[in-house]
Amino acid sequence: MGAAFWTCLLWPGIAAVFWPWHRSQWGWNMVIKTELIAVALLAPVLRAEFGVTSLYFLLWTTVVALTLIPLVVGWRLVIIWRTQRDGARDGPPR
């Protein structure tokens, strides 16, 4: 869990080294979903790694993050649909 949290939290900075993700919808979509996963894991990581026991204030942030993830995945579906509609195809032309 801790590894997933830290990887998701740091991913935008790591990815920016080799990919300008902020210049495309794909990049924003991937980063937003990854950061929402980090937010959803924040309370358990604070408890497990730092011994924080009073985490009631994070309840709503976890609920909101978990609620928004399906919306971001839906946005990804729209991006894929638009890309395919505009003529992009997997594999070589036939």
Charge dipole of region 2-85 about the Cα centre (unit charges at C-beta), most positive-ward option of Phe5, Pro44, Val17 | Val17
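For Met30, Met1, what ranking results if the residue with the fewest other Cβ atoms within 10 Å of its Cβ goes first?
Neighbour counts put them in this order, fewest first: Met1, Met30.
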Expressed as a percent, the portion of alpha-carbon pairs in region 2-85 spaced more than 20 Å apart is 43
At the level of C-alpha centres, the distance separating region 63-81 and region 1-29, in angstrom, is 16
Trypsin sites (Lys or Arg not before Pro) within region 28-93: which are DSSP loop residues with at most 10 other Cβ atoms inside 10 Å?
-> Arg89
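Any read-out appearing in this document is the output of simple, stated calculations on the displayed coordinates, not a laboratory observation. Since the structure is predicted, the reported quantities are computational estimates derived from the model, not experimental observations. No Cβ is skipped: glycine too gets one built from the backbone with ideal geometry, and neighbour counts run over all protein chains shown.
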